[in-house]
Amino acid sequence: MRCGICPEQRAITFEFKKKNYSILGHCTGVRKPGPCRDARCVREEVIEAEVVNILRGAQVSTDEADMILSEMAMDTGSEAAQKLTQVTLIKQEIGRIEGRLKKAYLDKTDGVITEADWRGFNSEWQAERVRLTESAKSLAESGPSSYLPTVRKMLELSKRLENLYLSATSEEKRELVNFVCSNLILRGKKIEYIYRKPFDLLAEGLHSAKWLRD
Ligand SMILES: [Zn+2]
């Protein structure tokens with residue numbers, strides 16, 4: 001987390017103050033020239049409460065998570081069928097090219113075409129075969145099976161954000177917060193932040209499967 005008061009946006013540091021029996025956060029520019037000299041401290045509990053609110057904003061309920069997953073399952077059904085058709089067409093084309101390669105080789109052996117002609121056809125069709133094989137492969141990898149597990153994991157995480165945070169160690173808390181949002185700036189007692197994807201969309205309340213494909 002960084003300071004939103006000084007132009008350098010210095011880091012916010014936390015220290016235990018015996019006098020108040022509490023952990024206080026403040027800008028590391030507290031003894032340096034600039035607007036944060038003698039910066040006011042903010043109690044850790046105040047900052048924690050703010051962070052919990054931020055996480056709550058990106059938390060979906062079990063019902064919402066189930067709805068997103070079932071909508072996605074429906075969408076991906078038709079997508080999978082479409083993909084299968086495309087892959088089948090590409091494979092047919094590869095089969096045709098392999099047939100031509102074989103025939104050209106026989107024609108060369110039988111003296112129907114010259115060696116130079118064969119070399120020309122051969123390199124052209126081999127290149128085409130490689131290109132088609134690669135596009136069939138990337139089509140297969142782009143499918144729902146490649147991203148659904150990630151979505152499921154993200155939703156599982158989103159459902160439990162607040163509880164995860166509250167039971168985490170301070171190192172884990174930092175990791176979790178940085179996973180969900182970025183650019184945390186402390187300005188007075190308020191935290192400014194940006195949700196990372198896909199939490200930004202969950203936070204916007206876009207309860208639809210569409211967000212994933214955009
Ligand atoms: Zn500062």
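With neighbour counts taken as other beta-carbon atoms within 10 Å, the residues L84, L202, L24 rank, fewest first, as L84, L24, L202.
A simple count of charges around R196, restricted to other residues whose Cβ falls under 15 Å of its Cβ and scoring Lys, Arg +1 and Asp, Glu -1, yields -1. Calculated mean residue ellipticity, 222 nm, the chain: -20000 deg cm²/dmol, from DSSP H runs (n ≥ 4) at -39500 (n - 2.57) each, averaged per residue and rounded to 500.
Just to verify a number: FRET efficiency for A49 and Q9, C-beta to C-beta distance, R0 = 30 Å, to 0.05?
On the way: r = 23 Å, r/R0 = 0.75.
Taking R0 as 30 Å, the efficiency between A49 and Q9 is 0.85.
Indicate the helices, whole DSSP H runs only, in the chain that combine a mean Kyte-Doolittle hydropathy of -0.5 or more with a Cα extent along their long axis of 30 angstrom or more. Answer set is 62-109. When you restrict to C-alpha pairs under 8 Å that are six or more residues apart and normalise by the size of the chain, the relative contact order lands at 28 percent. Sequence-distant contacts, meaning Cα pairs under 8 Å at least 6 residues apart, place the relative contact order of segment 62-151 at 39 percent.
Rg over Rh for the chain works out to 1.30, using Cα positions for both radii and the Kirkwood form for Rh. Taking 0.36 nm per residue of separation and subtracting the Cα-Cα distance, full extension of the segment from E93 to D63 would add 6.3 nm.
With 10 angstrom as the radius, rank L101, L139 by how many other C-beta atoms surround their C-beta, starting from the fewest. Mind dumping the intermediate values first?
On the way: L101 17, L139 14.
Neighbour counts put them in this order, fewest first: L139, L101.
Under a 10 Å cutoff between Cα atoms, tell me which one of D66, D107, D200 has the largest fluctuation in the Gaussian network model of the chain. Among D66, D107, D200, the largest mean-square fluctuation in the Gaussian network model of the chain belongs to D107.
Remark: spin-label model distance K153-S182 equals 1.9 nm, labels positioned 7 Å along the Cα→Cβ axis. In whole Å, what is the distance between the alpha-carbon centres of segment 1-55 and segment 117-173? Computed from Cα coordinates, the inter-centre distance equals 40 Å. Ordering Y21, T62, L84 by Cα displacement along the dipole of the chain toward the positive end leaves Y21 in first place; charges were set at the Cβ atoms of Lys, Arg (+1) and Asp, Glu (-1). Across the cross-link table entries K173/K197; K91/K153; K159/K197; K83/K159; K17/K189; K153/K190, which are compared at the Cα atoms, the separations over 22 Å belong to K91/K153; K83/K159; K153/K190. A straight chain from I194 to A81 at 0.36 nm per residue would run longer than the Cα-Cα distance by 37.0 nm.
Any read-out appearing in this document is the output of simple, stated calculations on the displayed coordinates, not a laboratory observation. Predicted, not measured: the structure shown is a model, and the values here were computed from it. Cβ sites come from the backbone with ideal geometry, for glycine too, and all protein chains shown count toward neighbours.
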